[in-house]
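K.L.:
Handing you a structure now.
Laboratory data are not the source of any read-out in this text; all were calculated from the coordinates shown. Here the structure is a predicted model, which is why all the values come from computation and not from measurement. Note that we place each Cβ from the backbone using ideal geometry, even for glycine, and neighbour counts take in every protein chain shown.
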Amino acid sequence: MAFYRSHVLVCGGTPCLLGGCRGVKDALVAEIERQGLTDEIKVVETGCLGPCDRGPVLVVYPEGITYVRVKVEDVPAIVAEHLLKGRVVERLVYRDEAGERLVSYAQSTYYGPQKRVVLRNCGVIDPESIEEYIARDGYAALAKALTAMTPAAVVEEIKASGLRGRGGAAFPTGLKWSFTAKAQADQKYIVCNADEGEPGTFKDRLILEGDPHSVLEGMIIAGYAVGATRGFIYIRGEYRQSIARMAKAIARAREMGLLGRNILGTGFSFEVEIREGAGAYICGDETALIESIEGNRGEPRVKPPFPGVHGLWGRPTVVNNVETLANVAPIIDHGAAWFRSMGTENSPGTKVFTMTGDINNEGLIEVEMGIPLRQIIYEIGGGIPGGRGFKMAQTGGTSGGCLPTSFLDLPMDYDTLAQHGAALGSGALLVMDDTHCIVDIIKCFQKFFAHESCGRCTPCREGTVRLYEMIGEISEGRGTREHLRVLEELGRVMTVAPLCGLGQTAAVPLLSCLKHFREEIETHVLEGRCPTGVCKMGKAPVVA
Amino acid sequence: MKSLEELARIREEAKRQLELREGTGGPRIVIGMGTCGIAAGARETLMAVLDELGKRNLNNVTVTQTGCVGLCEQEPLMEVILPGRPKVTYGRVDANRARQIVASHVVNGNIIGDWVIARE
């Protein structure tokens, strides 16, 4: 076995890919070869390392030095100085706010309060190497489930762990599995929902890119638990990297006998196929997703019956989110009690968030459930650029509620946020500073929903368009008190009347803004001016 | 893969490859790779160390480099730090000496006194 004295990890997550990490990696490999270091230094393309706004990111082991914003032109310096002569290239080193060099990226406050369960391998292993996944105890949970546990025991373990759906709806995963396990059918299915459509959410993408086997292992265990022998991964078509990595993971797992017929010689068989979505937001709804896999137009079904008993081609089907499935193997491995030791009573475990907007450290993080919003934004996120004031944070993507300053100390878990009219949702965290106008923001949300409504049911098809029209009128200075009344009334109707989650959440951000930022909206309507002065109304009143 | 034993075997093999990224707490070898060191043949020294470690399957050893420490006439310099023990610096370490230091000091804990130029 060749001994490499140094491993250079190149972040191959999509944000870094867009930043040009492929070019950096190619340049690195070429330069290492030119310097004759090929036999000593191993270059590994890995999953997302986290600080996405500072990409492309490189980590050099064994020192654990993290380089950020590396350009192709910087590569010869890194190779000649660091890899050849052992001198760190100071100007590219990842530093904290105080300018201190972070010797190891694990020391950073950015990583400090984080707890990595789902992202345990992300940025540590080569996602295209099944061996590296296995080295980090990958497929040990599958082996344990297949050889030492009955299917019912697996379902019970997941139930006992309190794991809830990480796609946003927070339904208890074990309970979902038990419905399908109990159902009698000639064929059952496992579907992985990777149609991550919520604006600002990209965690599933980075999990699939960084550690595809963790999701695959979760699916196979789920199949064993409920008695399913076939699985589908429905990935958004735009996620080219996720699709490529998952396809490779499936092929490698099949080659090694961890997928396919007679897995690990236990007699259990399971097959997985990838299905690509075409970019419709509605297909993130589990029943619309099922329709899409069947080859039909992506529109939601009337529930009940739920997919657990009547899903894909009318057969019992478990539909789980990527992050939910990535939690399965660690739970089987370490037990439900271990999982419950993290997070809160009713929301155990961790949550992966993608931080975007007016925040210093944009990127991917994983923290225990129940951590206050303030700690995420100011400690891990490094605060708001330019020291500007916090205005609001939207959790859960565009369908999530907006939280004002008074909510900064709220623990981030499913129930607490639900009580306050917000949702933890999929894990998007959009931070906005005090230079944004609330009417502008709402208009932007409503435009999105009016565009994405599938048109199947009337409350959503009509409601999303009317909401957008009315907020548009307010933004043009034509708003009246009546607008506010109707917005609120229609918004409330929309939380219950539509068929699926899209329509039911289309007014959630609007309603939370009407509640928390009423004064600012009323100033637009009654005084004809914008308190922040950024929307086209301007700070001075419009003379009618 | 048809059995648990096979999975365990692959895991053990792959684990060794990854140890470098996880900080093993094992022995550390530091080689002086300033211009002076390289001119004196530090690259050959380094290659010999890596080759010797590979042959002996010593995956818990970390090999790093450092710049010029000021003792240019003693290059190539090689430091060996065993866990919980003070740092030992060897001078004029050519490929041959490097292999012997790995065998004697790193593996068996016997310092080769004749070549030592500094101890902590």
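K.L.:
Tell me which residues come under 5 Å, amide H to amide H, from residue A:87 once H is placed; ignore anything under 5 positions away on its chain.
P.N.:
Residues meeting the amide H criterion: A:82.
K.L.:
Starting from the Cα of residue A:71, draw a straight line to each of the lysines and keep only those under 27 Å, dropping any in the same chain fewer than 8 residues away.
P.N.:
Here the lysines satisfying the reach criterion relative to residue A:71 are A:25, A:42, A:85, A:203.
K.L.:
Just to check I understand the Karplus step: with θ = phi - 60° and J = 6.51 cos²θ - 1.76 cosθ + 1.60, what whole-Hz values come out for region A:337-354, glycine and proline as x?
P.N.:
Here the 3J(HN,Hα) series is 5, 4, 5, 5, 6, 10, x, 10, 3, 9, 10, x, x, 10, 9, 8, 10, 10 Hz.
K.L.:
Cross-link list A:391/A:539; A:176/A:447; A:447/A:515: which exceed 23 angstrom alpha carbon to alpha carbon? Write down the numbers at each step before the final one.
P.N.:
Working: A:391/A:539 18 Å; A:176/A:447 34 Å; A:447/A:515 20 Å.
A:176/A:447, as the Cα separations exceed 23 Å there.
K.L.:
What nm value, rounded to one decimal, do you get for the distance between residue A:495 and residue A:81 when each label is placed 7 Å out toward the C-beta?
P.N.:
Placing both labels 7 Å along Cα→Cβ, they lie 5.6 nm apart.
K.L.:
In what sequence, highest mean first, do A:501-508, A:76-83 appear when ranked by Cβ atoms within 10 angstrom?
P.N.:
Values: A:501-508: 23.8, A:76-83: 18.9.
My ranking of the peptides, most packed first, is A:501-508, A:76-83.
K.L.:
What distance in nm separates the simple spin-label points at residue B:85 and residue B:107, each placed 7 Å from Cα in the Cβ direction?
P.N.:
Each label point is offset 7 Å from its Cα along the Cβ direction, giving 1.5 nm.
K.L.:
Any idea how far the Cα center of region A:1-35 sits from the one of region A:299-320, in Å?
P.N.:
Using only Cα atoms to place each centre, the spacing works out to 44 Å.
K.L.:
Testing the spin-label approximation: label points 7 Å from Cα along Cα→Cβ at residue A:461 and residue A:478. State their distance in nm.
P.N.:
Each label point lies 7 Å from its Cα, and together they span 2.5 nm.
K.L.:
Over chain A, what is the percentage of antiparallel beta bridges among all DSSP beta bridges, to the nearest 5?
P.N.:
On the way: 26 of 54 bridges.
Counting DSSP beta bridges with both partners in chain A, the antiparallel share is about 50 percent.
K.L.:
State, in angstrom, two size descriptors of region A:130-340 derived from its alpha carbons: Rg to one decimal place and Dmax to the nearest whole number.
P.N.:
According to the Cα coordinates of region A:130-340, Rg and Dmax are 15.6, 45 Å.
K.L.:
With +1 on the Cβ of every Lys and Arg and -1 on the Cβ of every Asp and Glu, and nothing else charged, how large is the dipole of the protein assembly as shown about its Cα centre, in debye rounded to the nearest 20? Don't skip to the end; give the middle numbers.
P.N.:
On the way: 74 positive and 81 negative charges, 125 e Å.
My answer is approximately 600 debye.
K.L.:
Mind checking the mean number of beta-carbon atoms from other chains within 10 Å of the Cβ atoms in A:4-12? Write down the numbers at each step before the final one.
P.N.:
Working: counts 5, 13, 5, 4, 0, 1, 0, 0, 0.
Per residue, the number of nearby Cβ atoms from other chains is 3 on average.
K.L.:
Once the Cβ-Cβ distance between residue B:71 and residue A:137 is put in as r, and R0 is 51 Å, what FRET efficiency do you end up with, to the nearest 0.05?
P.N.:
Details: r = 45 Å, r/R0 = 0.88.
Once the sixth-power term is evaluated, E becomes 0.70.
K.L.:
Treat the count of other C-beta atoms within 10 Å as a stand-in for reagent exposure and order A:476, A:217 from fewest to most.
P.N.:
Numbers: A:476 13, A:217 30.
So the residues, fewest neighbours to most, are A:476, A:217.
K.L.:
Oh, and also: As a footprinting exposure proxy, order A:313, A:338, A:177 by other Cβ within 10 Å, with the fewest listed first.
P.N.:
Working: A:313 11, A:338 15, A:177 27.
By the 10 Å Cβ count, ascending, the order reads A:313, A:338, A:177.
K.L.:
Would you mind calculating the gained length between residue A:278 and residue A:187 on full extension (0.36 nm times residue separation, minus the Cα-Cα distance), in nm to one decimal? Walk me through the numbers on the way to the answer.
P.N.:
Numbers: separation 91, 0.36 × 91 = 32.76 nm, distance 2.67 nm.
Length gained between residue A:278 and residue A:187: 30.1 nm.
K.L.:
Grab the beta carbon distance between residue A:303 and residue A:269, set R0 = 25 Å, and tell me the FRET efficiency rounded to 0.05.
P.N.:
0.25
K.L.:
Would any residue of region A:1-27 have its amide N under 19 Å from a label point 7 Å out along Cα→Cβ of residue A:69? List them or say none.
P.N.:
A:11, A:15-25
K.L.:
To continue, here is another question. Please work out the Cα convex hull volume for the protein assembly as shown and give it in Å³ per residue. Don't skip to the end; give the middle numbers.
P.N.:
Numbers: hull volume 104.1 nm³, N = 664.
Once divided by residue count, the hull of the protein assembly as shown is 157 Å³.
K.L.:
If you count, for every residue in B:60-67, the Cβ atoms of partner chains within 10 Å of its Cβ, what is the mean? Write out the running numbers ahead of the final one.
P.N.:
Working: counts 0, 3, 5, 6, 6, 9, 3, 5.
Mean shielding count: 5.
K.L.:
Based on the Cβ-Cβ distance from residue A:515 to residue A:247, what FRET efficiency comes out when R0 is 35 Å, to the nearest 0.05?
P.N.:
Working: r = 45 Å, r/R0 = 1.30.
Using R0 = 35 Å, I get an efficiency of 0.15.
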